[in-house]
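The values are calculated or read from the model by the stated rules, or taken from the named source; none is laboratory data. If you're wondering where the values come from, they're calculated on a predicted model, not measured in any experiment. Please note: Cβ atoms are built from the backbone with ideal geometry, for glycine as well, and neighbour counts cover all protein chains shown.
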Amino acid sequence: MAKALDLILQALNATIQPNEPMDYVDDGLLDARHHFLSLLDGRLESYPDTQDIIDRYQERPDVWEGVIVEAINQLKLTEDKELLEAARRVIRFSDMPGEADNLG
């Protein structure tokens, strides 16, 4: 389960840098990221006080990681095959180190 949690958090952290020329950004990353965030947002709707939790986490992961990890664990999102596959796609298209297939 730790691997699945790491996968979800890595996908959340796979962002496009502010000064990154869009010519160098793979369109697949944008689509994969949008799909992943839509799924995650939908799953978190039932968790109390999660309004904007994804945005808050992405702005300040050091402050909000505990909250999002608790939500992921409470909702058993580490067992959500569709969400994990969407997270793997984000990692595959990103430049993050590591292999997405080895996570979750």
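In the chain, counting only helices (runs of 4 or more DSSP H) that sit wholly within it, the ones holding 1 or more residues that are under 10 Å from the mean Cα position of the chain (by Cα), modelled with pLDDT of 85 or more and not hydrophobic (A, V, I, L, M, F, W, C) span 2-13, 27-44, 53-59, 81-93. List the pairs whose first member sits in the stretch 80-104 and is over 20 Å from ASP41 (Cα atoms) and of a type in the set (Lys, Arg), whose second member is modelled with pLDDT of 90 or more and surrounded by 21 or more Cβ atoms within 10 Å (Cβ to Cβ), and whose Cβ atoms are under 8 Å apart, counting only residues at least 6 apart or on separate chains? Close Cβ pairs (under 8 Å, with a partner that is modelled with pLDDT of 90 or more and surrounded by 21 or more Cβ atoms within 10 Å (Cβ to Cβ)) amount to ARG92/ALA32.
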